[in-house]
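Working notes, beginning with the structure itself.
The values are calculated or read from the model by the stated rules, or taken from the named source; none is laboratory data. From a predicted model like this one, the values you see are computed outputs, not experimental measurements. Counting neighbours? That spans all protein chains shown, and the Cβs are built from the backbone with ideal geometry, glycine included.
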């Protein structure tokens, strides 16, 4: 349902997982919120996502890992809260993720990562080959694995739906329109122009994922590029306990009786088509992890466009030149992991001008200074 709205306190450009999380957090802070979401975008990252909460699995820098851990741990209370207020179970599952090594250099890298994380006080284990076989009997024989017992996953499409439903329940209005440009007067954001008209706003949050740079009259070029991630799903092998296994950049995730398999990282612009070569890579990787998937029937496939920045960190924070303009974009592979945290950061910035979470490494101006 779309409404005609002429003004609001906070306008969120984009209704994917990040935009919805920002909108919900702003309504919790008592603000009048409107979300511009043009409708289901088949190439959007949120619906395509496997929903992995891999704070300790993804290769990343220390500042982003700290944010990822904090973002992951917020899901405990968020899942319970969303279930209570919307009746939607976002499928939070935290029984750990294993990253398998099939050659000695990878085993060494993962053993080092385990040592490094344990020194930092995190729960992280090295599983020897026999431990892996015992814990994941359907996994291929390997040299060992890094095991992060607190990592896990959520059901990304249900998360997006629940965040939006909760924001609406708290008074946010969803407008079926695309934000086309921003209006500013004397260094302050005053309104947006959309495909269905103009909306006045005291605060504008740019959360349109890979489409964020297409919004006109932003005071800076946003170096956010769409990176295609192809995905596929097969029936989950019968009798095999659910698990999330990684190998390199590929993974297999159990969800809704399926094995979700991903994913490619392709710089192909706004093309979300699925390719034979992409699917071959994904299947080869998945069957490397789970040989039982090799012979399984009907394959589902899709692709989403992740918003990726040059340094792999999202752009979250205030525009230094335009008051009332905020960014929550460029989350790349970490959109689901960082969604709840991003929402809290943005709501805090909008209401108090500061965030108790250190976000200097995410500053919008870091690419232009």
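Couple of notes before you dig in:
- Verdict on residue 223 being assigned to a loop (DSSP other than H, G, I, E, B), touching a residue at least 40 places away in the same chain (Cβ under 8 Å) and either outside the structural domain of residue 334 (by TED's automatic domain parsing) or closer than 20 Å to residue 271 by Cβ (or both): yes
- In region 233-240 there is at least one residue matching the filter, namely being in a loop (DSSP other than H, G, I, E, B), touching a helix residue (DSSP H, G or I) at 6+ places or on another chain (Cβ under 9 Å), touching a residue at least 24 places away in the same chain (Cβ under 8 Å) and not assigned by TED's automatic domain parsing to the domain that holds residue 24.
One line per residue, one yes/no per condition, for (1) under 15 Å from residue 346 (Cα atoms); (2) part of a helix (DSSP H, G or I); (3) at pLDDT below 95:
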{"site": "19", "(1), (2), (3)": "yes, yes, no"}
{"site": "23", "(1), (2), (3)": "yes, yes, no"}
{"site": "31", "(1), (2), (3)": "yes, no, no"}
{"site": "39", "(1), (2), (3)": "no, no, yes"}
{"site": "67", "(1), (2), (3)": "yes, yes, no"}
{"site": "81", "(1), (2), (3)": "no, yes, no"}
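- Some residue of region 198-207 being closer than 28 Å to residue 73 by Cα, crowded, with 21+ Cβ neighbours inside 10 Å and out of contact with any helix residue (DSSP H, G or I) (no Cβ under 7 Å at 6 or more places or on another chain): yes
- Strands (runs of 3 or more DSSP E) completely within region 257-343 that count 2 or more residues being touching a residue at least 60 places away in the same chain (Cβ under 8 Å) and under 12 Å from the mean Cα position of the chain (by Cα): 300-308, 325-329
- Sole residue being surrounded by 21 or more Cβ atoms within 10 Å (Cβ to Cβ), touching a strand residue (DSSP E or B) at 6+ places or on another chain (Cβ under 9 Å) and not assigned by TED's automatic domain parsing to the domain that holds residue 33, chosen from 297, 335, 330, 304: 304
- Residues satisfying the stated conditions in region 169-190, i.e. out of contact with any helix residue (DSSP H, G or I) (no Cβ under 6 Å at 6 or more places or on another chain) and on the phi > 0 side of the Ramachandran plot: 186, 187
- Out of 91, 87, one residue alone is over 11 Å from the mean Cα position of the chain (by Cα) and free of Cβ contacts under 8 Å to residues at least 12 places away in the same chain. It is 87.
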